[in-house]
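Participant: Input: one structure, supplied below.
No lab work stands behind these numbers, since they all come straight from the coordinates. As the structure is a computational prediction, the values presented were derived from the model and not from experiment. Ideal geometry is used to build each Cβ from the backbone, glycine not excepted, and the neighbour counts take in all protein chains shown.
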Amino acid sequence: MRCRPVRGEACGLQWGDLDLDDGLAYVSRQLQEDARGRLGVCPLKTESSRRAVALDPETVVILRGHRSRQRPRLGDDAVAPEAWVFTHPDGSPLSPPFLTGAFVAMVAQTDLPPVRLHDLRHGAATPVC
């Protein structure tokens, strides 16, 4: 299974990786799809890829709202520390190709110039030293 950062890291986030009180996301794994379409957990590319990323206040508010919408739909297990943050309506995790497709569709609905999902990492994510 070939692991690709960013989209796999987003798909691999679990609620226990987020500290919304301090505005931090701890990146420690990737979720990737193999050639047969099966999802699996992959290690990060390098040990230095394990990091804490500062979340801006608006993102924290959005994540809190997302969590509160998951609970009634999927139950308390949906927001347990080991539960995936980004899921399909049934609670199954999003695959990186699905995330890319959804992103491309959203960009196409805007007046923004084309941008790759990976490009967002350079403009929005700030590692905490």
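Participant: Within 10 Å of each candidate Cβ there may be at most 16 other Cβ atoms; applying that plus a DSSP loop requirement, which trypsin sites (Lys or Arg not before Pro) in segment 52-120 survive?
Facilitator: Of the trypsin sites (Lys or Arg not before Pro), the ones in loops of segment 52-120 whose Cβ has at most 16 other Cβ atoms within 10 Å are Arg116.
Participant: Counting only residues 5 or more places away or on other chains, whose amide H sits under 5 Å from the amide H of Leu55 once H atoms are built in the peptide plane?
Facilitator: Residues meeting the criterion, in which the H sits 1.01 Å from N, are Leu24, Ala25.
Participant: Now for a separate question. Taking amide H positions as placed in the peptide plane 1.01 Å from N, state which residues far from Val85 in sequence (5 or more) or on other chains have amide H under 5 Å from it.
Facilitator: Result for Val85 returns Leu13, Gln14, Trp15.
Participant: Shifting gears a bit: Tell me, what ³J(HN,Hα) does each residue in segment 91-96 have, in order and in whole Hz, if you take phi through Karplus 6.51 cos²θ - 1.76 cosθ + 1.60 with θ = phi - 60° and put x for Gly and Pro?
Facilitator: Karplus values, whole Hz, x for Gly and Pro: x, 6, x, 6, 8, x.
Participant: If contacts are Cα pairs under 8 angstrom and at least 6 residues apart, what is the relative contact order of the chain in percent?
Facilitator: 29 percent
Participant: Quick one: if you stick a label point 7 Å off each Cα along the C-beta vector at Asp19 and Arg67, how many nm between them?
Facilitator: 1.3 nm
Participant: Here is a further query. Rounded to the nearest 500, what is the 222 nm mean residue ellipticity of the chain from helices alone, with -39500 (n - 2.57) per DSSP H run of 4+ residues and division by all residues?
Facilitator: Here the helix-only value at 222 nm equals -9500 deg cm²/dmol.
Participant: Additional query: If you work out Rg and Dmax of the Cα atoms in Å from the coordinates, which of (i) 20.2, 63; (ii) 24.3, 75; (iii) 14.6, 40 do you get?
Facilitator: Read-out taken from this structure: (iii).
Participant: I would also like to ask the following. Listed highest first by mean packing, meaning other Cβ atoms within 10 Å per residue, what order do 10-18, 34-42, 91-99 come in?
Facilitator: Those peptides, ordered most packed to least, come out 10-18, 91-99, 34-42.
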